[in-house]
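The values are calculated or read from the model by the stated rules, or taken from the named source; none is laboratory data. None of these values were measured; they are calculated from a predicted model. Counting neighbours? That spans all protein chains shown, and the Cβs are built from the backbone with ideal geometry, glycine included.
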Amino acid sequence: MIDITESREAGDAGEGYVARPAVHEVNAIIQAADRCLEAREAILQHGSPLLRQKMDELLLAIGQELALLQDDERPSNLH
């Protein structure tokens, strides 16, 4: 799905539309993964090894959940 709502940036003459893809509407866990990756970057800038470790553990758990979801979506070739 693409948002074609008219949008004007500062300095635009008011012409045209800006198309933006919707942010992972399909699955909330993908949104969570995206946000955690953004948060991890901020934590790296902060420099706390403990927070980095905790964020990595969270990302690992999210990755495992995503893998389970992918396994559920694949058709089984076993008979």
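The numbered conditions (1) in a helix (DSSP H, G or I); (2) surrounded by fewer than 10 Cβ atoms within 10 Å (Cβ to Cβ); (3) at pLDDT below 90 are all true for residue 76 except (1).
Matching residues to (1) modelled with pLDDT of 55 or more; (2) aliphatic (A, V, I, L, M); (3) in contact with a Lys or Arg (Cβ under 6 Å, 6 or more places away or on another chain):
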residue	(1), (2), (3)
16	no, no, no
43	yes, yes, yes
47	yes, no, no
53	yes, no, no
59	yes, yes, no
